[in-house]
Amino acid sequence: MGFATEFNSVCKFKLQRELDDLLEYGMCKMTKTGFRIFPTGQKAIAYSPENKAIAIVRILVSIAEIDFKGQEVTGVEMEMVRLLTERESEVETTLAYEMFFRDQEAKPSDL
């Protein structure tokens, strides 16, 4: 059992439903596997499941726990600060691909 830090200001959605909740309601809860530490109270860039930068969010709550199935999970609640402009999204997506998503299949030109 160990914690993985997420202090890189990246908040990547794995499920489109969770991202849709953020876009529709301005707030959402995202569930990540494993114990993680998110920077509560700080802003982060939210990325879609396709690794595209979407918005700036503020992390409200980060709770690591063992769920009813015995799995280690972290629940992260956030609120949307604002959507990114098309140009901001393009720049952040390119930077994140270079820094974090390089080994994944999707390339910025595919997004």
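All of the numbers you see were taken from the coordinates with simple rules; none came from a lab. Treat the numbers as computed from the prediction; the structure is a model and nothing was measured. All Cβ positions, glycine included, derive from the backbone under ideal geometry; neighbour counts span all protein chains shown.
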Env charge @ Thr31, Cβ radius under 13 Å, K,R +1 / D,E -1, value +1
Run the simple label-point estimate for Phe100 and Leu23 please: 7 Å along Cα→C-beta, distance reported in nm. 1.8 nm
Semi-axes of the equivalent ellipsoid of segment 1-104: what are they in whole Å, largest first, if each equals the square root of 5 times a C-alpha gyration tensor eigenvalue? 22, 16, 12
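Using packing as a proxy for protection, rank 61-71, 44-54, 26-36 so that the peptide with the highest average count of other Cβ atoms within 10 Å comes first.
44-54, 26-36, 61-71
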